[in-house]
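Structure, as structure tokens:
A short reminder: the numbers here are calculations on the coordinates, not readings from a lab. The model shown is predicted, which means the values in this text are computed figures rather than measured ones. Every residue, glycine among them, receives a Cβ derived from its backbone with ideal geometry; neighbour counts consider all protein chains shown.
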Amino acid sequence: MALIERYQMTTDITYWPGQIPMSYIYTVGRAGEKFFREIMNGKMIGARCESCKVTYVPPRIYCEKCFARLEDHYLEVGTKGTVHTFTRCYEAYDGTKKETSTIVAVIRIDGTEGGLVHWLGEVDFKAIYIGMPVEAVFKPKKEREGSILDIKYFKPI
Amino acid sequence: MAITEKDVAKTATKLSINEILEGKVLSVKWEPKLKYAWDNGPAIGRYLAELKEGRIIAKKCAKCHRIMIPPRMFCELCWVPAGEWVYVQDTGIVNTWVVSYVDWKATRLDIKGGVRPFTPAVIEIDGASKGMGILHHLNEVDPWKISRGMKVKAVWKPAKERTGAITDIKYFKPIE
Amino acid sequence: MRRVAIVGAGLTKFYRNTLETPKELAYEATKMALDSCEMKLSDIDCVVHGTAPDAFDGVHMKGEYLSDASGGYRKPYMRNFVGGGTGVFAPIHGWFHVASGMFDTCLVVCEEKMSSAYPHPAGAFLTIFDHTTEQPLYPTLIWIFAIEMNRFMTTHGYRKEDIALVAVKNKKNALDHPSAQIPGEITVQDVLNSEIMAWPVNRLDISPTSDGAAAIVLAAEHVARRVTEKPVWMDGVGFCLDTAYWCTRDLYYPDYLEVAARQAYKMAGIREPSKEIHVAEPYDPFTYKELHHIEGLMLAPRGKSVQMLVDGVFNREGNLPTSPSGGLLGVGNPIAAAGLMKIIEIFLQLRGEAGKRQISGKPTCGVANAWGDLMQVGTVVVMRS
């Protein structure tokens with residue numbers, strides 16, 4: 001038999017408000033150190049697994065398919081790519097409405113099997129198509145901090 | 001195949017917290033907003049409402065007759081819906097306790113500066129079944145004179161300050 | 001149910017703060033485990049990953065996040081979590097995969113990066129408690145361990161100075177462990193003089209928070225015999241959960257652990273654990289907890305473990321060495337990886353490969369346990385060579 005008490009009035013329903021108070025500092029890791037320090041130099045780095053014939057961007061210390069160690073196989077991959085897929089966002093991550101919509105894309109970096117999620121800029125939404133060539137636009141060198149945001153956005157070539 | 005010093009040497013790179021904070025290695029800071037509104041349900045809802053009135057209420061299991069505090073909608077031992085509501089007293093005995101020099105953030109209290117250490121305890125409530133305890137604070141007692149089995153009584157907030165929360169009881173203090 | 005053996009193991013160093021991301025730590029341990037038994041990722045049929053709350057590493061859906069680093073790329077993969085008990089629960093989880101006959105090999109990986117929670121994972125500890133009836137009192141996890149220790153002491157009349165011997169023993173044992181974070185030679189007086197956190201717990205009574213990872217490879221009997229000359233059999237497993245209404249339990253004894261231990265001993269055919277077990281790794285996040293568990297594992301009668309500790313029974317040269325690895329107190333406590341580190345210690349001891357930590361007498365039967373959540377979970381594994 002199910003629980004025998006029921007609420008008769010919705011105004012009887014009570015709740016307890018609270019939160020989980022956490023804050024984090026994430027280190028970028030061994031591969032991340034390499035990637036983000038080169039981002040500060042306006043370059044992008046990938047990692048190559050010769051046996052699986054895959055180049056990962058961002059680089060990682062292992063190949064997920066064969067588990068080979070890739071730390072001695074980093075290489076420069078250039079900052080150009082193509083749009084793999086894209087969308088337009090009207091809401092921020094917490095559900096509030098954005099003042100101006102932003103265009104987010106998955107960009108496949110040329111010559112690799114890897115890619116980045118980033119914004120597209122200096123482009124009209126209607127002009128974007130899958131396969132469109134784009135390149136990274138960096139912040140001025142002295143404003144770069146070793147973060148993914150050192151790239152302002154990707155723009156069409 | 002022993003795991004040796006050589007095997008583990010390069011597996012992890014030691015850092016100090018200062019190296020991270022000073023930016024010697026790159027990092028990303030993040031503070032997620034994790035806010036909740038937890039439904040009380042009928043049992044805790046009534047428990048809190050009674051606390052606002054200055055009373056403690058428990059629930060009795062119709063099968064094993066345990067008087068359970070905090071009250072719950074079903075007995076977790078018998079697996080049947082809990083039966084009637086039962087008022088219990090606001091006195092109890094100390095089952096076990098702690099003298100804490102740290103707060104919830106693991107920050108040290110200024111004990112030397114005269115701050116009283118926290119003395120939370122498990123208090124077995126009179127009127128509930130033996131062993132039924134709740135977590136609460138002890139106060140108005142020398143932290144080093146607390147003993148197992150010590151009789152204590154709840155010290156309530158004044159009626160108009162009570163909001164329907166476990167903190168409507170400020171703490172428990174010893175009774176002679 | 002088929003017989004399952006541990007055939008390989010890997011472990012990273014444990015540190016308070018590491019450069020590596022959680023994925024990189026998991027990879028290092030997993031790669032070492034595979035290399036130790038010369039297996040490739042393609043030899044692995046499934047992967048099981050144990051890791052404590054997402055809130056510590058600060059990555060939601062942490063199990064999935066860590067899957068590729070644990071060798072789980074396009075493989076059957078499950079993540080398990082029972083708080084601190086995870087380190088011994090993960091091998092049990094992996095055991096089911098192989099014992100059932102569904103898979104022949106299984107990678108078991110455990111990883112924890114507690115340093116991401118800055119300055120301290122206190123917020124995660126706060127929310128283990130009931131949100132309405134306990135959180136408003138702003139409790140911290142140290143309180144409930146101190147509360148349990150106090151009940152344990154007042155029930156049996158144990159003294160802090162005797163319980164402190166666990167820290168002395170384990171930190172000394174850890175001097176010989178390559179991954180150890182805080183090994184050292186300390187005295188009982190050092191423990192008693194260390195700052196009070198929450199009486200009766202002093203700083204040296206507690207294990208540190210750590211980053212680290214560990215991994216083992218499980219194999220069914222026919223594979224195990226091909227891969228290694230010294231398989232270590234998981235002959236008994238047990239797990240049990242007690243009520244979350246922790247204030248209604250009498251905290252002086254871990255009933256949940258005894259239930260789990262009985263399950264494991266029955267499966268392994270052990271009738272007198274204190275005689276048939278040669279080496280034990282009871283979970284030791286706090287000094288008193290090792291003794292609490294020794295009693296729960298029925299390796300010592302209730303109320304008698306302290307006397308046996310003082311008599312040296314649990315030292316490496318004693319009759320029933322406990323935590324020869326150095327335990328969590330000496331090696332470190334990256335929650336899930338710590339429990340698996342203990343399993344790995346029994347594995348190495350039963351193969352005679354524990355180096356300077358090796359206990360004499362060619363042990364053939366060992367037990368490891370872990371414990372977690374709001375002092376609720378008991379997980380036990382009995383191993384034989």
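One table, with the values for the structure above:
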{"quantity": "Hits in the range C:94-126 (condition: among the hydroxyl-bearing types (Ser, Thr, Tyr) and touching a residue at least 12 places away in the same chain (Cβ under 8 Å))", "calculated": "C:Ser100, C:Thr105, C:Ser115, C:Ser116"}
{"quantity": "Top-ranked residue in the range A:57-78 [being in contact with a helix residue (DSSP H, G or I) (Cβ under 9 Å, 6 or more places away or on another chain) and in a strand (DSSP E or B); ranked as nearest to A:Ile157 (Cα to Cα)]", "calculated": "A:Glu76"}
{"quantity": "Of the criteria (1) more than 8 Å from chain B (Cβ to nearest Cβ); (2) surrounded by 23 or more Cβ atoms within 10 Å (Cβ to Cβ); (3) in a helix (DSSP H, G or I), which one C:Trp143 fails", "calculated": "(1)"}
{"quantity": "Among the residues listed as C:Ile196, C:Ile163, the single one being crowded, with 19+ Cβ neighbours inside 10 Å and out of contact with any strand residue (DSSP E or B) (no Cβ under 8 Å at 6 or more places or on another chain)", "calculated": "C:Ile163"}
{"quantity": "Sole residue being assigned to a loop (DSSP other than H, G, I, E, B), within 13 Å of chain C (Cβ to nearest Cβ), within 27 Å of A:Pro17 (Cα to Cα) and not aromatic (Phe, Trp, Tyr), chosen from B:Lys112, B:Lys33", "calculated": "B:Lys33"}
{"quantity": "Candidates A:Gly146, A:Gly81 - the one that is touching a residue at least 60 places away in the same chain (Cβ under 8 Å), part of a loop (DSSP other than H, G, I, E, B) and within 17 Å of the chain's Cα centre (by Cα)", "calculated": "A:Gly146"}
{"quantity": "Matching option when the condition is in contact with a strand residue (DSSP E or B) (Cβ under 6 Å, 6 or more places away or on another chain) and within 17 Å of B:Asp7 (Cα to Cα), among C:Gly8, C:Gly58", "calculated": "C:Gly8"}
{"quantity": "Enumeration of residues in the range C:241-291 that are closer than 27 Å to C:Ala198 by Cβ, part of a strand (DSSP E or B) and away from chain B (no Cβ under 14 Å)", "calculated": "C:Glu281"}
{"quantity": "Residues (under 27 Å from A:Thr96 (Cβ atoms) and either of a type outside the set (Lys, Arg) or out of contact with any Pro (no Cβ under 8 Å at 6 or more places or on another chain) (or both)) located in the range B:28-40", "calculated": "B:Val28, B:Lys29, B:Trp30, B:Glu31, B:Pro32, B:Lys33, B:Leu34, B:Tyr36, B:Ala37, B:Trp38, B:Asp39"}
{"quantity": "Single unsatisfied condition, C:Met298 versus (1) over 29 Å from C:Leu175 (Cβ atoms); (2) free of Cβ contacts under 8 Å to residues at least 60 places away in the same chain; (3) more than 20 Å from the chain's Cα centre (by Cα)", "calculated": "(3)"}
{"quantity": "Residue in the range C:58-65 that is buried (at least 21 other Cβ atoms within 10 Å of the Cβ), within 7 Å of another protein chain (Cβ to nearest Cβ) and touching a Ser or Thr at 6+ places or on another chain (Cβ under 9 Å) present", "calculated": "yes"}
{"quantity": "Flag if C:Met39 is in contact (Cβ under 8 Å) with a residue 40 or more places away in the chain, more than 8 Å from every other protein chain (Cβ to nearest Cβ) and on the phi < 0 side of the Ramachandran plot", "calculated": "yes"}
{"quantity": "Residues of the range C:301-331 classified as part of a helix (DSSP H, G or I) and under 17 Å from the mean Cα position of the chain (by Cα), total", "calculated": "5"}
